[in-house]
Structure formats: structure tokens, C-alpha cells
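The values are calculated or read from the model by the stated rules, or taken from the named source; none is laboratory data. No experiment lies behind these values; they were computed from the predicted model shown. Because the Cβ atoms are built from the backbone with ideal geometry, glycine has one as well, and the counts that use them run over all protein chains shown. To get the accessible areas, we keep the full protein, side chains included, count just its heavy atoms, and leave off ligands, DNA and RNA. Shrake-Rupley method; radii C 1.70, N 1.55, O 1.52, S 1.80 Å.
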Amino acid sequence: MIGEQYEFFGLSVVKLMVVTLREKARLAMATKRRQANLQQVITTTGCGFVAGTRVVTPGGWATVESLNVGDEVLTFDAGFQRVTALSTTPIFRHDYVTPRQFWPIFVPAGVLENRHGLLVQPGEGVLVESPSVRDKWGDPYAVIPGAALDVLDGTYRKEPATPLSAVLPVFAEDHMVFVNGGALLFSQCIWGVHAGVQPRFGRAANYNMMPVQAAITMLESGAVRNVQAKPEIMLAAA
């Protein structure tokens, strides 16, 4: 027992030393950055709904950043679903640099059946319809990454001018969420881990995202159309 206690405390001391050394290294690097007038770079998953994006709730349209855990949001496959977690990540801060590849893509009204302009993160999934693809149920739907939208007319990368974050409403399962009057963005349940919520393991993913280049090729071929299905509740809320 004494030997076990000694070993336990010994490990604790070693861990403490490692943490202390890491902290010293981090502080030293921060000091060098300040002396060299260098800014830290934001690294992000590039997914989530950009703040200001509107979703449908039982009470009407609401911005994604106004949601709370427990609220219900309208989804493509399963109607209103309860939000189990909210995962928030920064896109832009004045004291950080956001590389261009992480800038959101501005999508003008009408391009994705959206009634209002929409900012889409480059790693965020967008549901489109195409006769050249089939999902796991045999339907002609594909999830393309937002980065592929660069090739569509009127879209462009927008550098944020003010602090900006992305919020991903997470559900018990993967869902497509209606946003900004009709576009459909992907919410993957695995991101609930960021907020301390475990997904339902053992269930196959409802959607799989296409690689960027494959999505670009599909969009450039013209064999793509927006998903037309719009529940009456969504139209009434708009």
C-alpha cells in the first residue's frame, strides 16, 4: 500500500512538472509573439451556423445564437427536434488572424432556396439534390461542404470585419436544419462532445459529406438543384 501511494504521488509530481513546463513554454511563445508583433491564428473546424443565421422554432424564426438547450428547431427529416447542446466556435477576433480558407462564404438570396443572404462556413454541410447521386435511402440528395459553393455565381468569401462566431445546434441524431427561409444546413450530433454531450453510439450517420473537389465537379456540371421541400410551418414562419 505504501509503495502504491508513493507511486501515485510520484506520478502526480511528474504530471505537475509536465504541465508546468508546458505552461512556461506557452508563456515564452506568447512573449516572443508580442515582441515580434505577431498575431495568433484562429484554427477552427470551419463548421457551425454563422451567428445571425435564422432557424425555425415553434414561435417563428430565431437567430441561432439566441437558442438555448431544450429549444425545438425545425429539421428536414423529423420536424421539430429538441436541441441537446450548443457548440460555439470563434470565426474572427480582432486580436487573432483568420486565414482566408476559414472565411465564410456569402450566398445571395435565392441561390440555395434561401430567402435572405446567408453566410456559410467552409466546412459546413449543405443539402442539395442531384440525379447523379443517391443517399443511403436511395434519394437523390448530397451533402456538399460550404467551400464548394465558391464556384456558384454571386457567392464569395467574406472577410469578417467585426468579431464573429459560429453556433452549431446539436440534436440526439444527425439532422438537416432549415435556415434563412429554405436552405438546409447539416448538424452532426458528434459535435455535442464539445459541449459535454455524448452522441448516440452504434447508429449509422444519416448523412455523409462529399469531398470538396467532388462537390465542385458536381456543381460545375450543372446537375444540381436546390431541395424544394418546404413544410407549411416554415412558410408560415417566414
Legend entry - Computed E for Gln213/Thr20 - FRET, C-beta separation, R0 45 angstrom, nearest 0.05: 0.50
Legend entry - Heavy atoms of Leu152: accessible area, 1.4 Å probe, square angstrom to 10: 40 Å²
Inset, instruction - Enter the accessible area of Leu86 (Å², nearest 10), with the probe set to 1.4 Å and all protein chains included. - result: 40 Å²
Inset, instruction - Please list Val126, Val224 in order of solvent-accessible area, largest first, computed with a 1.4 Å probe with all protein chains present. - result: Val224, Val126
Legend entry - Cleavage-rule hits, chymotrypsin sites (Phe, Trp or Tyr not before Pro), segment 97-156, DSSP coil, Cβ neighbours within 10 Å at most 16: Trp137
Inset, instruction - With θ set to phi - 60°, apply the Karplus curve 6.51 cos²θ - 1.76 cosθ + 1.60 along segment 83-92 and write out the HN-Hα couplings as whole Hz, x wherever there is a Gly or Pro. - result: 6, 9, 7, 10, 9, 10, 9, x, 9, 8
Inset, instruction - Mind checking the per residue accessible area of segment 79-153 for me, 1.4 Å probe, whole number of Å²? - result: 43 Å²
Legend entry - FRET efficiency estimate (nearest 0.05) - Cβ-Cβ, Ala223 to Ala161, R0 45 angstrom: 0.80
Inset, instruction - Evaluate the Debye formula for segment 42-197 with equal point scatterers sitting on the alpha carbons, no solvent, and hand back log10 of I(q)/I(0) at q = 0.18 Å⁻¹, in q order, two decimals. - result: -1.11
Legend entry - Sequence of His175, His94 from largest to smallest accessible area, 1.4 Å probe: His94, His175
Legend entry - Asp150 paired with Ala109, simple spin-label distance in nm, labels 7 Å along Cα-to-beta-carbon: 2.8 nm
Inset, instruction - Just read off the accessible area of Val111 with the full protein assembly in place, 1.4 Å probe, to the nearest 10 Å². - result: 40 Å²
